[in-house]
1. Mind pulling the angle between the C-alpha long axis of helix 2-46 and the longest principal axis of the chain? Nearest 10 degrees, somewhere in 0 to 90.
2. Only helical DSSP H runs with n ≥ 4 go in: add -39500 (n - 2.57) per run for the chain, normalise by residue count and round the 222 nm mean residue ellipticity to 500 deg cm²/dmol.
3. If you project the alpha carbons of the chain onto their three principal axes, what span does each projection cover, largest first, in Å?
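Quick note: the coordinates plus some simple rules give every number you see, no bench work behind them. If you're wondering where the values come from, they're calculated on a predicted model, not measured in any experiment.
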């Protein structure tokens, strides 16, 4: 039972860390994409 609990906890922690990393990368990508679109829109308005 102790080994099963340890394996389950390792799986949960690993999935949580992986999910957090994916979340951070996607958040930064979307933030950069939105900023570039806003800058492009401002440049178009100024012309």
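1. 0 degrees
2. Details: 1 runs with 45 residues, N = 47.
Taking each H run of at least 4 residues, the total per residue is -35500 deg cm²/dmol.
3. Dimensions of the chain along the principal axes of its Cα atoms: 69, 7, 5 Å.
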